[in-house]
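Colleague: Starting off with a structure, shown below.
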Amino acid sequence: MGNISNRYVINAVGKGGQTYLTHCQDKEALKKWIADHEDHLVMNELKIVDKKKHPLLKLFSLKR
């Protein structure tokens with residue numbers, strides 16, 4: 001087995017109150033997951049965490 005790390009963590013809330021927590025390896029997989037589940041999600045409650053983002057960039061990021 002290889003060492004596979006997931007870069008993106010997705011935390012989302014569904015329209016029926018469901019909670020989604022999933023991981024994606026790359027940006028293409030992230031976009032595909034969002035496109036597949038877009039009709040079930042509350043897009044304002046979608047949170048994506050990039051685990052490889054530098055900590056100083058996280059502090060200075062204005063985008064919320």
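The values are calculated or read from the model by the stated rules, or taken from the named source; none is laboratory data. A quick note: this is a predicted structure, and the numbers were derived from the prediction, not measured. Cβ: placed from backbone, ideal geometry, glycine included. Neighbour counts: every protein chain shown.
Colleague: If you take the residues in the stretch 1-13 that are of a type outside the set (Ser, Thr, Tyr) and exposed (fewer than 10 other Cβ atoms within 10 Å of the Cβ), which one is farthest from Leu59 (Cα to Cα)?
Modeller: Met1
Colleague: Would you check if there is a residue in the stretch 24-44 being in contact with a Leu (Cβ under 7 Å, 6 or more places away or on another chain) and either modelled with pLDDT of 90 or more or acidic (Asp, Glu) (or both)? Even if it seems obvious, please write down each step before you answer.
Modeller: Taking the stretch 24-44 as the starting set, the residues that turn out to be in contact with a Leu (Cβ under 7 Å, 6 or more places away or on another chain) are 24.
Imposing the further condition that a residue be either modelled with pLDDT of 90 or more or acidic (Asp, Glu) (or both) reduces the set to 24.
Yes, some residue in the stretch 24-44 is in contact with a Leu (Cβ under 7 Å, 6 or more places away or on another chain) and either modelled with pLDDT of 90 or more or acidic (Asp, Glu) (or both).
Colleague: Condition first: within 10 Å of the chain's Cα centre (by Cα) and surrounded by fewer than 11 Cβ atoms within 10 Å (Cβ to Cβ). Now tell me which residues in the stretch 14-46 satisfy that.
Modeller: Leu21
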